[in-house]
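The values are calculated or read from the model by the stated rules, or taken from the named source; none is laboratory data. If you're wondering where the values come from, they're calculated on a predicted model, not measured in any experiment. Positions of Cβ are backbone-derived with ideal geometry, glycine not excepted, and every protein chain shown enters the neighbour counts.
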Amino acid sequence: MLEQLLIFTRGGLILWTCKELGDALKGSPIDTLIRSCLLEERSGAASYNYDAPGASYTLKWTFHNELGLVFVAVYQRILHLLYVDELLAMVRRGFSEIYDPKRTVYNDFDETFRQLRKEAEARAEELKKSKQMVKPVNNNKKQGQVQKAGSDKGSKKSGGNLAADGGDGDNGKGRKLENGHSHGNHVENEETRITGVVNGKENTSSNISAFDVSKLQKRTKTGKKTDSVVNKGSKVDPKTKVTKKNRVWDDAPPQTKLDFTDPVDGNGNENIVVVAANQGESMMDVEEIISSDSEGEEDDDDDVEKDSKPEAKKKGWFSSMFESIAGKANLEKEDLEPALKALKDRLMTKNVAEEIAEKLCESVAASLEGKKLASFTRVSSTVQAAMEEALVRILTPRRSIDILRDVHAAKEQRKPYVVVFVGVNGVGKSTNLAKVAYWLLQHNVSVMMAACDTFRSGAVEQLRTHARRLQIPIFEKGYEKDPAIVAKEAIQEATRNGSDVVLVDTAGRMQDNEPLMRALSKLIYLNNPDLVLFVGEALVGNDAVDQLSKFNQKLADLSTSPTPRLIDGILLTKFDTIDDKVGAALSMVYISGAPVMFVGCGQSYTDLKKLNVKSIVKTLLK
Amino acid sequence: MQLYAAIAVLLMTTLFLFSIRLFRRTKSNTIVLTGLSGSGKTVLYYVLRDGSSHQGTVTSMEPNEGTFLLNSESNKKGKIKPVHLVDVPGHSRLRPKLDDFLPQAAGIVFVVDAVEFLPNCSSVSEYLYDVLTRASVVKKKIPVLICCNKSDKVTAHTKEFIRKQLEKEIEKLRASRSAISAADISNDFTLGVPGEVFAFSQCRNVVTIVEASGLKGEIAEVEQFIRERVKP
């Protein structure tokens, strides 16, 4: 049964709740829905799941964009109610007739709602009865027919259930079975396996249990795998009978000295005179001058006009001009479609991941549907404005990105502020770690580096060089040590010698590599850093979505604590290599919800910037 | 000859009217309600407008604005200027909306949750610091009223305690921020007097702090503040 149905304005005032539906909701599902879903531009999703101690709800919603109202229905997750979408649509229609901006009490709606609910429930009952009538008839037929009818039924059922658990639909790919009932997309597959069984339900449950055990075995097998870092120790071949001759490529004289490393003294320590690197002010502290917006708007209008002209128009030119002047009655999905498609293509040419562009466009469509077009505006300009607002909202950080403040807070508690840099191979973790260290040094914060990349050859030396140039201590234990232990000892060392910040460098790893991800999760769990910084390059395309979601998922799954640490911030690197294809920033922020804290734009110490939200949005929509 | 006289008179009158319009500065009647998400701004807005918060509120996604007479004054006779009250959402993703309303504000009410004050102390002070260092606020010396909401609850902190905590936190912020900007918002100005511990009395605009309770309707001091800003 429905737990609650609320109607509230976008400004936050609750206009109506159903009084007959019992007790108060546990936790605060509505606020969480608004904060984690609607304000995160995920309003195109079908439903939202909320877990509180003692209850697990699913929430569905719909908007009335013209009046600025939101309708939310809350029900228990284990009940897959089929009639919620219909009910919401009917409630929306009924309420918009009696809505008045001045009124704040709508007690007369109780009666209307009671009727609507009865109607919707009755309709759902009918549907269920028709399905149940089909079921026993099928079981008497032959095997082949059972399969065919079973799959039909399954598809119908899953079609019906898809509406109810759109949110669970994502689990359809893997065979993840949730506690409680396992309806939904699995029914289709399972019923085709039935081989002449009396009661389909029994078999599915036995199938489920059978599958559970096998899955359990598979899981324990992977659990037993040792989580040692793959060690490709290259063995030098001692016996080379034929000595190699230097290859001559062209007429250039053969070079005698090929070794450019620095001179080494007795114990392997390089004894060069090192001058502390001082290359001026880091670009983090330089204000970026944002060009005036008026120029951009004019350009936008011209571009949009050129874009809209070649678009195939269903109606004539005159009628569309007339509509744009007079103001259309209500925006329908078909009208938004061409404008949204053009916008989506534009976003994708700017290197935004395809999935993200799709979801964003759905979210914008959900917020514009049914809205009245103001006069003298085109559909495309309204869509553009809405998209711009949505982009600004996504890129604006949800939490403070003032690291210096957090460093000072940690300093007062006499513990070092630990930052862990994670990411896939070759994105620039070590380089940007040095840049961040340089910036922190400029603000009189004492930094220590921890070389926990114990796999890649030269990683420790690289950090050692940076540490020497910046004249900061570095904690290293060489290669082939457990990074988690090295990090732990580094933090202890930092507490001992009073460093304010510890920057931990880790080895690059692909998001699909299970043992490496487990090692990373262990490092994070063991040391509980203050900031987990995901380093991603701006050149990445659709893989950004995969990288970030898998990293987050693995960190959540493989962590043994009840509240797993996820990625707290993003460091975007190689920003100078992309001209205006800045979409990777948007993909990463959207998929992970973490703000972009730094932007690396070059290979020297000063090339570290902050993300300028307005200029990114302008570039994306240009 | 007469033509020239006519033109001259026309010019004089237009100039006269223009100069009157320029010099007669219309005083703004906008009051901005701001604060962290969950501090009770929307409740306060509706209590000021209607006297009660009706059936409750949820997190706002858009600003609430309206021009009206305050509820307690609806019975008073005489010419009272209606107040343009704006309730800006406190959610961090919607912070840029504050910039739309601040320039025309005649007064700012910064709502603080007096019950859940300590866990959010740093975010509250950061937001307050941002507001107090905005160019529009400093230049126009917009007065700020810090309203400790939910003070009807037993576990609510007193306004003195909150004031001291805020001053301490802002002092720390002053040290760590100096001339650094946060995200996109640039702090054009710094607060306080260098060398001295920060106190609200050092601000060039007037900062006062009161206790109130939106749900119970104890908002007399807030109304007084609003009335002082928006003179009839």
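Does the range A:392-420 hold any residues that are more than 10 Å from chain B (Cβ to nearest Cβ) and crowded, with 24+ Cβ neighbours inside 10 Å, and which are they?
Answer for the range A:392-420, where residues must be more than 10 Å from chain B (Cβ to nearest Cβ) and crowded, with 24+ Cβ neighbours inside 10 Å: A:P416, A:Y417, A:V419, A:V420.
Checking A:M448 against (1) part of a helix (DSSP H, G or I); (2) modelled with pLDDT of 90 or more, which single condition isn't satisfied?
(1)
Quick one: in the range A:48-103, of everything that is closer than 14 Å to A:L15 by Cα and of a type in the set (S, T, Y), which residue is surrounded by the fewest Cβ atoms within 10 Å (Cβ to Cβ)?
Among those residues, the one meeting the criterion is A:S96.
Only one of these is of a type in the set (A, V, I, L, M, F, W, C) and in contact (Cβ under 8 Å) with a residue 60 or more places away in the chain: A:A451, A:A437. Name it.
Values: A:A451 fails: in contact (Cβ under 8 Å) with a residue 60 or more places away in the chain.
Every option except A:A437 fails the conditions.
Go through (1) in contact with a Lys or Arg (Cβ under 8 Å, 6 or more places away or on another chain); (2) surrounded by fewer than 21 Cβ atoms within 10 Å (Cβ to Cβ) one by one and return the number of the condition A:Y590 breaks.
Here A:Y590 meets the rest and fails (2).
Answer yes or no: is there a residue in the range A:428-449 that is among the polar types (S, T, N, Q), within 14 Å of chain B (Cβ to nearest Cβ) and at negative phi.
Taking the range A:428-449 as the starting set, the residues that turn out to be among the polar types (S, T, N, Q) are A:430-432, A:442, A:444, A:446.
Still in the running and within 14 Å of chain B (Cβ to nearest Cβ): A:442, A:444.
Applying the additional criterion that residues be at negative phi yields A:442.
Yes, the conditions are met somewhere in the range A:428-449.
May I ask you to list the residues in the range A:16-34 that are touching a residue at least 40 places away in the same chain (Cβ under 8 Å), within 14 Å of chain B (Cβ to nearest Cβ) and either out of contact with any helix residue (DSSP H, G or I) (no Cβ under 8 Å at 6 or more places or on another chain) or surrounded by fewer than 16 Cβ atoms within 10 Å (Cβ to Cβ) (or both)?
So in the range A:16-34, the residues touching a residue at least 40 places away in the same chain (Cβ under 8 Å) come out as A:16, A:18-20, A:25, A:29-30.
Subsequent filtering for residues that are within 14 Å of chain B (Cβ to nearest Cβ) retains A:16, A:18-19, A:25, A:29-30.
Across the range A:16-34, the qualifying residues are A:K19, A:L25, A:P29, A:I30.
Just the residues that are within 14 Å of another protein chain (Cβ to nearest Cβ) and of a type outside the set (D, E, K, R), please, taken from the range A:87-105.
A:P101, A:T104, A:V105, listed by residue number.
With the structure loaded, tell me whether A:V379 is away from chain B (no Cβ under 14 Å) and modelled with pLDDT of 85 or more or whether it fails that test.
Values: away from chain B (no Cβ under 14 Å): yes; modelled with pLDDT of 85 or more: no.
Judged against the criteria, A:V379 is not a match.
Of the conditions (1) at pLDDT 75 or above; (2) surrounded by fewer than 16 Cβ atoms within 10 Å (Cβ to Cβ); (3) not aromatic (F, W, Y), B:I162 fails just one. Which one is it?
Unmet condition: (2).
Among (1) away from chain B (no Cβ under 14 Å); (2) touching a His at 6+ places or on another chain (Cβ under 9 Å); (3) under 14 Å from A:L6 (Cα atoms), which single condition is A:I78 missing?
A:I78 satisfies every listed condition except (3).
Which numbered condition in (1) under 24 Å from A:R393 (Cβ atoms); (2) within 14 Å of chain B (Cβ to nearest Cβ); (3) surrounded by 22 or more Cβ atoms within 10 Å (Cβ to Cβ) is the only one that A:L608 fails?
Just one mismatch for A:L608, condition (1).
From the list A:S28, A:S36, exactly one residue is more than 17 Å from the chain's Cα centre (by Cα) and not basic (K, R). Which is it? Please lay out each step first, then the result.
Details: A:S36 fails: more than 17 Å from the chain's Cα centre (by Cα).
Of A:S28, A:S36, the one residue that is more than 17 Å from the chain's Cα centre (by Cα) and not basic (K, R) is A:S28.
Out of the residues in the range A:451-480 that are of a type in the set (F, W, Y) and in a loop (DSSP other than H, G, I, E, B), which is surrounded by the fewest Cβ atoms within 10 Å (Cβ to Cβ)?
Initially, the range A:451-480 is screened for residues of a type in the set (F, W, Y), giving A:455, A:475, A:479.
Applying the additional criterion that residues be in a loop (DSSP other than H, G, I, E, B) yields A:455, A:479.
Working: A:F455: 20, A:Y479: 16.
Going through the qualifying residues, I end up with A:Y479.
Sort out which residues of the range A:561-577 are of a type in the set (A, V, I, L, M) and farther than 20 Å from A:G593 by Cβ, and write them in order of number. Outline the logic, then answer.
Initially, the range A:561-577 is screened for residues of a type in the set (A, V, I, L, M), giving A:566-567, A:570-572.
Across the range A:561-577, there are no qualifying residues.
Output yes when any residue across the range A:578-597 is within 14 Å of chain B (Cβ to nearest Cβ), under 18 Å from the mean Cα position of the chain (by Cα) and over 20 Å from A:A353 (Cβ atoms), and no when none is.
Within the range A:578-597 (the criterion being within 14 Å of chain B (Cβ to nearest Cβ), under 18 Å from the mean Cα position of the chain (by Cα) and over 20 Å from A:A353 (Cβ atoms)), the answer is yes, since at least one residue qualifies.
Exactly one of (1) within 13 Å of the chain's Cα centre (by Cα); (2) assigned to a loop (DSSP other than H, G, I, E, B); (3) small (G, A, S); (4) at pLDDT 80 or above is unmet by B:S28. Its number?
That leaves (4) as the condition not met.
Does A:L558 satisfy the condition of being away from chain B (no Cβ under 14 Å) and over 27 Å from A:Q384 (Cα atoms)? Walk me through it before giving the result.
Numbers: away from chain B (no Cβ under 14 Å): yes; over 27 Å from A:Q384 (Cα atoms): yes.
When the stated conditions are applied, A:L558 passes them.
May I ask you to list the residues in the range A:525-551 that are part of a helix (DSSP H, G or I) and closer than 15 Å to A:S592 by Cβ? Don't jump to the end; show me each part of the working.
Narrowing the range A:525-551 to residues part of a helix (DSSP H, G or I): A:525-527, A:543-551.
Matches in the range A:525-551: A:D543, A:A544, A:V545, A:D546, A:Q547, A:L548, A:S549, A:K550, A:F551.
A:K554 versus (1) of a type in the set (D, E, K, R); (2) part of a helix (DSSP H, G or I); (3) touching a residue at least 60 places away in the same chain (Cβ under 8 Å): which is the lone unmet condition?
A:K554 satisfies every listed condition except (3).
Given (1) within 14 Å of chain B (Cβ to nearest Cβ); (2) in a loop (DSSP other than H, G, I, E, B), identify the lone condition not met by A:C37.
If we test A:C37 against (1) within 14 Å of chain B (Cβ to nearest Cβ); (2) in a loop (DSSP other than H, G, I, E, B), just (2) comes out false.
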